[in-house]
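Below is one structure; the comments refer to it alone.
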Amino acid sequence: MTALVREVIGDVLRRARIEQGRTLREVSDSARVSLGYLSEVERGRKEASSELLSAICTALDVPLSRVLSEAGQELAVEESRAPAPKIDVTTKVVIPQFVSMAVA
């Protein structure tokens, strides 16, 4: 099973913070977001809004585009490792007939 986007973005943000040698408190103060919420975002438990991601990236001095690119690359690697979904050929799909509901 592939990781969720919020988990991968959280990993990228955490790595950037740790590479800078900064604490959660420092980044949360700078981004003006609660320490607990930032921690939840980094652990992939909360899905950050685009505004919040922008604030965190600004606090880390990391372009949002870089965070999203790295996350996309990591997801692509995970997807390439995931086995293809199995399709049960015995399953029948019934497509109902289209019925026009014209109003006069």
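Only the coordinates and a few stated rules stand behind these numbers; no lab work does. All values derive from a computational prediction rather than experimental measurement. Note: ideal-geometry Cβ built from the backbone for every residue, glycine included; neighbour counts use all protein chains shown.
Here the Kirkwood formula, the inverse mean of 1/r across different C-alpha pairs, assigns the stretch 5-81 a hydrodynamic radius of 12.2 Å.
Of the peptides 33-40, 56-63, how do they stack up when ordered by the mean number of other Cβ atoms within 10 Å, highest first?
56-63, 33-40
Report the gain in length on full extension from S39 to I95: 0.36 nm times residue separation, minus Cα-Cα distance, nm rounded to one decimal.
That pair, S39 and I95, stretches by 15.5 nm at full extension.
Label A82 and S65 with points 7 Å out from Cα along Cα→Cβ: what is the distance between them in nm? Simple spin-label model gives 2.7 nm for this pair. Put simply, the amide H of A48, placed in the peptide plane, has no neighbours under 5 Å, leaving out anything fewer than 5 places away on its chain. If the segment from D29 to S49 were pulled out straight at 0.36 nm per residue, it would be longer than the present Cα-Cα gap by 5.4 nm.
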